[in-house]
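This report concerns only the one structure given below.
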Amino acid sequence: MNEWPLWEIFIRSQHGLAHKHVGSLHAPDAEMAIKNARDVYTRRNEGVSIWVVKSSEITATAPSEKQALFEPANSKVYRHPTFFPMPEEVKHI
Amino acid sequence: MYAQMVDTGAKKLRSLEEMPPEERAFQQRVDAEVKIEPKDWMPEAYRKTLIRQISQHAHSEIVGMLPEGNWITRAPSLKRKAILMAKVQDEAGHGLYLYAAAETLGVSRDQLVAELHSGKAKYSSIFNYPTLTWADIGAIGWLVDGAAIMNQIPLCRCSYGPYSRAMIRVCKEESFHQRQGFDIMLTLCRGTPEQKAMAQDALDRWWWPSLMMFGPPDAESVHSAQSAQWKIKILSNDELRQRFIDQTVPQADYLGIKMPDPLLKWNEASGHYDFGPIDWDELYNVVKGNGPCNRDRLRTRVRAWEEGAWVRDAALAYAEKRAARAATQPAAAMRR
Amino acid sequence: MTSDRLLFDYLLRLADSDLVLAQRLGEWVGHGPVLEEDIALTNIGLDLLGQARLWFAYASEVEARFAGAGRSEDALAFLRDSGGFRNLLLVEQPNGDYAVTMARQFYFDVWHKLLLAALTGSRDARIAEVAAKAQKEVAYHVERSADWVIRLGDGTAESHARMQTAVDDLWTYTGEMFASDEADDVLAGEGIASDLSALAAPWRATVESVLTEATLAVPTSLFMQRGGRRGVHTEHLGHMLTTMQHLQRSYPGAQW
């Protein structure tokens, strides 16, 4: 079958800080993917900056790897702000 | 609702103890409401059932564009035309989100579309009914979208991540659909006698098929229990159907039109509406392909697909040519 | 005719072309070659319908100035017969295949973008305002339709043949876009409308550039069909209006 490739779409909204994955769509190439993304994922003016990546170009972690990659951070619990309760009187911290 | 004739492949429900270790871990995650994501281990039956359910949901959105699209060129005011176009466009978008969710399970959209066109995959029975008057457009928004919302909101909590996220996106856009339908009915019911009769006539034709949308009675839904355990079916058919009736009858009272059911009556003791028997033969026939519009709906979709093949092929051919040109002449390719 | 009558007629021309083209695009819903295109075409149709409504709203106010009362957007859209419509002949042509639809869209979009750019400088503040808003949408329309003309022209042998036929067949409707009549001349003289003939050269330049990139031959025939702004249309408009206006005409006076 002569299928249009699948693209993953990332959009950063007007006041957003980072591009968010919003979904996927089919397009024959990157330029059309961007045009389609604008039509499909920003129909309600939701986005300003659009990134498109061919789904086949994405490398992801495998679930079994979760342990090795994230374990060290989990064990360093003092990295989380909630580990240090602050006295109520101290503001803005 | 979209799982009509979806075979989960499970003969009977098993307890955690009866499951092999991998499956037990999977079921525990589901029970704990931790989302299952595309690369996670999952039972093959879960994967297959989800593909079928999500794709049938997607097919329903796409086929659902046809009965409503039927009235875009005849919408009776510019405002209604714009609203209807936007609604049908939303449905296309919903179909797209759902196909995308299904594709995370290792199947391509083209394969799914081929299954629809061959008749192997189903879509919601309701879209096999014709839209004969403008009031039908109101009835569809009010009743059919109302039923769909009822089914979709619980699915926002379903176990499969991409499906639940697609549902969240869909639900955000869906609330206007039901309101626009009700607004049409309200305008008609407050209009001329002919318009009010048009509204009543639409309710007469769409009420029972809307109730059938929720699927067969629980007792006859062989695969519901497994789907419930997998948390891809959150509420039972009968439960959803009853909620829908309870919510909708007062709306009809407000409009001043009546459901075509002489046995429909508020039951003070149960706190629900009693209602008359549903003609299940009609549902089974429609699902089998004998509804008023099954053949036309499918032919229309197949024709659009086949007549569009040269367009899709051309777009691919151009993309390939341009990529080839860029490889040999980078400067020229950047001009555009 | 007084200036207001001319202005009213002029606004109908803008509104009617947008409306008729939106109606044609609405016919594609559910029948597009791929889901993404269904969505995209509907977006364009919605944009054009929205623009039509803005022009109708202003037309209604202008009509009130000389006729006592102005007709509503629906009265204008649903209760004029084809002789009262002022759209370009180009936009009422049937959808045909995707090549025809894209060629029609492309020819119109290039002109529409140039026209709106000129109208943003109109002495009529309302025209300038509507044009400015529409311009943003139309910039995107022309990007899309030009892209498709190129993809289909330079795609496969079949798409090339279909696209060549489409650009050839529709060419005869393009001249009308640059021909002006009394209303155009008077209003252009007052700085309200733009000089249509001035749009011809830039239109041609863009069209030739895109067609060439699409590996298509630029049509050479010089004979152009006209009549839209006089209400003399092709046979297609009557059928379209029959469909579009059916409910309003069958239930006179009803609210929808």
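The values are calculated or read from the model by the stated rules, or taken from the named source; none is laboratory data. It should be emphasised that the depicted structure is a prediction, and the values quoted were computed from it without experimental measurement. Here the Cβ is made from the backbone with ideal geometry for all residues, glycine too, and neighbour counts use every protein chain on show.
Based on this model, can you work out whether B:Glu22 counts as assigned to a helix (DSSP H, G or I), within 14 Å of chain C (Cβ to nearest Cβ) and touching a residue at least 12 places away in the same chain (Cβ under 8 Å)?
On the way: assigned to a helix (DSSP H, G or I): yes; within 14 Å of chain C (Cβ to nearest Cβ): no; touching a residue at least 12 places away in the same chain (Cβ under 8 Å): yes.
No.
Being within 11 Å of chain B (Cβ to nearest Cβ) and aromatic (Phe, Trp, Tyr) is a property that C:Trp55 lacks.
Of everything listed in (1) surrounded by fewer than 18 Cβ atoms within 10 Å (Cβ to Cβ); (2) assigned to a loop (DSSP other than H, G, I, E, B); (3) in contact (Cβ under 8 Å) with a residue 24 or more places away in the chain; (4) touching a helix residue (DSSP H, G or I) at 6+ places or on another chain (Cβ under 9 Å), the single unmet condition for C:Ser180 is (3). State yes or no: is B:Tyr123 crowded, with 23+ Cβ neighbours inside 10 Å, closer than 22 Å to B:Met212 by Cα and among the hydroxyl-bearing types (Ser, Thr, Tyr)? Taking the combined requirement at face value, the residue satisfies it.
Do we have any residue at all in the stretch B:32-43 that's touching a Leu at 6+ places or on another chain (Cβ under 9 Å) and within 14 Å of chain C (Cβ to nearest Cβ)? Scanning the stretch B:32-43 turns up no residue that is touching a Leu at 6+ places or on another chain (Cβ under 9 Å) and within 14 Å of chain C (Cβ to nearest Cβ). Among the numbered conditions (1) at pLDDT 95 or above; (2) surrounded by fewer than 23 Cβ atoms within 10 Å (Cβ to Cβ), the only one that C:Gln105 does not meet is (2). Looking only at residues that are touching a Leu at 6+ places or on another chain (Cβ under 8 Å), assigned to a helix (DSSP H, G or I) and farther than 29 Å from B:Thr73 by Cβ in the stretch B:87-144, which one is nearest to the other protein chains (Cβ to nearest Cβ)? Filtering the stretch B:87-144 for residues that are touching a Leu at 6+ places or on another chain (Cβ under 8 Å), assigned to a helix (DSSP H, G or I) and farther than 29 Å from B:Thr73 by Cβ, the one nearest to the other protein chains (Cβ to nearest Cβ) comes out as B:Ala100.
Would you mind finding the one in B:Glu37, B:Glu22, B:Glu17 that is surrounded by fewer than 23 Cβ atoms within 10 Å (Cβ to Cβ) and touching a Phe, Trp or Tyr at 6+ places or on another chain (Cβ under 6 Å)?
Working: B:Glu37 fails: touching a Phe, Trp or Tyr at 6+ places or on another chain (Cβ under 6 Å); B:Glu17 fails: touching a Phe, Trp or Tyr at 6+ places or on another chain (Cβ under 6 Å).
So the residue among B:Glu37, B:Glu22, B:Glu17 that is surrounded by fewer than 23 Cβ atoms within 10 Å (Cβ to Cβ) and touching a Phe, Trp or Tyr at 6+ places or on another chain (Cβ under 6 Å) is B:Glu22.
Provide a single number: the residues in the stretch C:198-224 that are surrounded by fewer than 17 Cβ atoms within 10 Å (Cβ to Cβ) and in a loop (DSSP other than H, G, I, E, B). Matching residues across the stretch C:198-224 total 9. In the stretch C:154-170, which residue that is of a type in the set (A, V, I, L, M, F, W, C) and crowded, with 20+ Cβ neighbours inside 10 Å is farthest from the other protein chains (Cβ to nearest Cβ)? It comes out as C:Leu170. Restricting attention to the stretch B:258-283, the residues that are free of Cβ contacts under 8 Å to residues at least 12 places away in the same chain and part of a helix (DSSP H, G or I) total 1.
Scan the stretch C:130-167 for residues that are among the acidic types (Asp, Glu), in contact with a Leu (Cβ under 9 Å, 6 or more places away or on another chain) and over 26 Å from C:Leu116 (Cβ atoms) and the total you get is 1.
Out of all the residues in the stretch B:54-62, is one or more of a type in the set (Val, Ile, Thr) and modelled with pLDDT of 95 or more? Yes, there is a match, as at least one residue in the stretch B:54-62 is of a type in the set (Val, Ile, Thr) and modelled with pLDDT of 95 or more. With respect to (1) over 13 Å from the mean Cα position of the chain (by Cα); (2) surrounded by 20 or more Cβ atoms within 10 Å (Cβ to Cβ); (3) under 21 Å from B:Ser55 (Cβ atoms), the lone exception for B:Glu174 is condition (1).
Taking the conditions (1) in contact with a Lys or Arg (Cβ under 8 Å, 6 or more places away or on another chain); (2) within 30 Å of C:Arg5 (Cβ to Cβ); (3) buried (at least 16 other Cβ atoms within 10 Å of the Cβ) in turn, C:Gly191 satisfies each one other than (3).
Close Cβ contacts (under 6 Å, 6 or more residues apart or on different chains) running from residues in the stretch C:14-40 that are more than 7 Å from chain B (Cβ to nearest Cβ) and crowded, with 24+ Cβ neighbours inside 10 Å to residues that are among the aromatic types (Phe, Trp, Tyr) and not in a loop (DSSP other than H, G, I, E, B) comprise C:Leu14/C:Trp55; C:Ala15/C:Trp55; C:Ala15/C:Phe56.
Mind checking which residues of the stretch A:26-49 are at pLDDT 95 or above and part of a strand (DSSP E or B)? A:His26, the sole residue that qualifies. Per the conditions (1) free of Cβ contacts under 8 Å to residues at least 60 places away in the same chain; (2) of a type in the set (D, E, K, R); (3) out of contact with any helix residue (DSSP H, G or I) (no Cβ under 6 Å at 6 or more places or on another chain), the sole criterion not satisfied by B:Asp145 is (3). Among the conditions (1) more than 9 Å from chain C (Cβ to nearest Cβ); (2) without any contact (Cβ under 8 Å) to a residue 60 or more places away in the chain, the only one that B:Pro76 does not satisfy is (1). Pairs linking a residue in the stretch C:221-238 that is of a type in the set (Val, Ile, Thr) to a residue that is assigned to a loop (DSSP other than H, G, I, E, B), with Cβ atoms under 9 Å and 6 or more positions apart or on different chains, are C:Val232/C:Arg226; C:Thr234/C:Gln93; C:Thr234/C:Tyr173; C:Thr234/C:Gln225; C:Thr234/C:Gly227.
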